[in-house]
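Read-outs: derived from the displayed coordinates by stated rules, not from any lab. This is a predicted model, so every value here is computed, not measured. Virtual Cβ from ideal backbone geometry, glycine too; neighbours counted across all protein chains shown.
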Amino acid sequence: QVQLVESGGGSVQAEGPLRLSCTASGYTDSIHCMGWFRQAPGKKREGVARIREVDSITYGAKYADSVRGRFAISRDNATNTVFLQMNSMKPEDTGMYYCAARDDGSLCDLTPEFDYWDYWGQGTQVTVSS
């Protein structure tokens with residue numbers, strides 16, 4: 001019903017910026033919660049940021065402690081796109097970044113559990129060098 005496609009990944013030096021995009025297609029009216037997750041080699045998937053929107057009202061974003069103050073998540077309903085602006089990047093930010101979406105807007109936690117989210121993108125690689 002819904003497809004998510006990430007883009008914008010690549011290589012960047014430490015302290016540099018990078019912006020990721022996630023475009024949703026299909027029955028996008030059902031989506032009320034979207035988030036970004038990442039997985040580094042040898043580590044479990046972790047939540048990065050999520051944004052909740054119900055009835056065209058965007059509620060506060062939530063961030064992982066490790067990225068708070070450096071990353072910013074935003075959503076453009078006109079294009080069904082969620083962005084992740086990453087600033088002051090660190091080598092520890094390296095990993096595969098995934099976009100996910102959930103239909104139920106009453107629950108919108110930053111949980112990396114696969115089944116918590118209804119839709120997942122294919123991922124985009126982000127590499128930060130020092």
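Charged side chains reduced to their Cβ positions (Lys and Arg at +1, Asp and Glu at -1) give the chain a dipole of some 440 debye around its Cα centre.
Give me the mean projected area, in nm² to one decimal, of the convex hull enclosing the Cα positions of the chain. Average projection, Cα convex hull of the chain: 7.2 nm².
When each of the peptides 47-54, 25-32 is scored by how many other beta carbons lie within 10 Å of its residues on average, the order from highest to lowest is 47-54, 25-32.
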